[in-house]
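For reference, the structure discussed in these notes is given below.
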Amino acid sequence: MEIIVVLAVFAVAISAILNSFGQLNQNQVINKNTELVATVLREARSLTLASKGGNQYGVHLESSRAVLFQGSVYNSSGTSNVYYSLNPLGNISVVTLAGGGAEIIFDRLTGDTSQSGTIRLSLADDSSSTRTITVSGTGLVETGL
């Protein structure tokens, strides 16, 4: 009888530990995805301010990836596009930008954007767990982390 009680307590403890690790993993997924998208946005703004190649840069957002592109218009077959895939356990769930669309393009010399707004990321299997990225009209990128 004592062995059964010890095994039951041990099983409950293991279950609690595994649940905690699962929650930690989910938080890491959404935090890493949020930082990835924010970093790509900051990179596009930085490249634009530097006038690399005499061009402006932008970011196209899809549910599973962010695409850094060169120019004032996103071209899905552009040879200079750089693709950043999100962890498949999370996604970009809502993009709310001024003027609609899914592209944020930064202006040369100022780094401003007319596509200011928010980007919400969530877990693929739990849309209630979210993080938000805010892009201001001045092109500054802020995360809620």
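Structural remarks
This table checks each residue for (1) in contact with a strand residue (DSSP E or B) (Cβ under 8 Å, 6 or more places away or on another chain); (2) under 23 Å from ALA124 (Cβ atoms); (3) at pLDDT 90 or above; (4) of a type in the set (A, V, I, L, M, F, W, C).
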residue	(1), (2), (3), (4)
ILE4	no, no, no, yes
ALA13	no, no, no, yes
THR39	no, yes, yes, no
ALA44	yes, no, yes, yes
ASN81	yes, no, yes, no
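- Qualifying residue in segment 34-53 (condition: in a loop (DSSP other than H, G, I, E, B), touching a His at 6+ places or on another chain (Cβ under 8 Å) and hydroxyl-bearing (Ser, Thr, Tyr)): no
- Entry remark, segment 114-124: residues being in a loop (DSSP other than H, G, I, E, B) and of a type in the set (Gly, Ala, Ser) number 3 in total.
- Within segment 125-145, the set of residues being part of a loop (DSSP other than H, G, I, E, B) and crowded, with 17+ Cβ neighbours inside 10 Å comprises GLY139 only.
- Consider segment 95-116 and keep the residues that are touching a strand residue (DSSP E or B) at 6+ places or on another chain (Cβ under 6 Å) and surrounded by fewer than 14 Cβ atoms within 10 Å (Cβ to Cβ). The one that is nearest to ILE133 (Cα to Cα) is THR96.
- Candidates are the residues of segment 74-90 that are part of a loop (DSSP other than H, G, I, E, B) and touching a residue at least 40 places away in the same chain (Cβ under 8 Å); the one that is surrounded by the most Cβ atoms within 10 Å (Cβ to Cβ) is LEU86.
- Candidates are the residues of segment 91-105 that are in a loop (DSSP other than H, G, I, E, B) and more than 15 Å from VAL37 (Cβ to Cβ); the one that is nearest to the chain's Cα centre (by Cα) is GLY101.
- Residues of segment 57-73 that are surrounded by fewer than 18 Cβ atoms within 10 Å (Cβ to Cβ) and either touching a His at 6+ places or on another chain (Cβ under 8 Å) or not in a loop (DSSP other than H, G, I, E, B) (or both): ARG65 alone.
- Scope segment 127-139; condition farther than 16 Å from GLN26 by Cα, touching a strand residue (DSSP E or B) at 6+ places or on another chain (Cβ under 9 Å) and free of Cβ contacts under 8 Å to residues at least 60 places away in the same chain; matching residues: THR134, SER136
The values are calculated or read from the model by the stated rules, or taken from the named source; none is laboratory data. These figures come from a predicted structure and were not determined experimentally. So basically every Cβ, Gly included, is an ideal-geometry build from the backbone, and we count neighbours across all protein chains shown.
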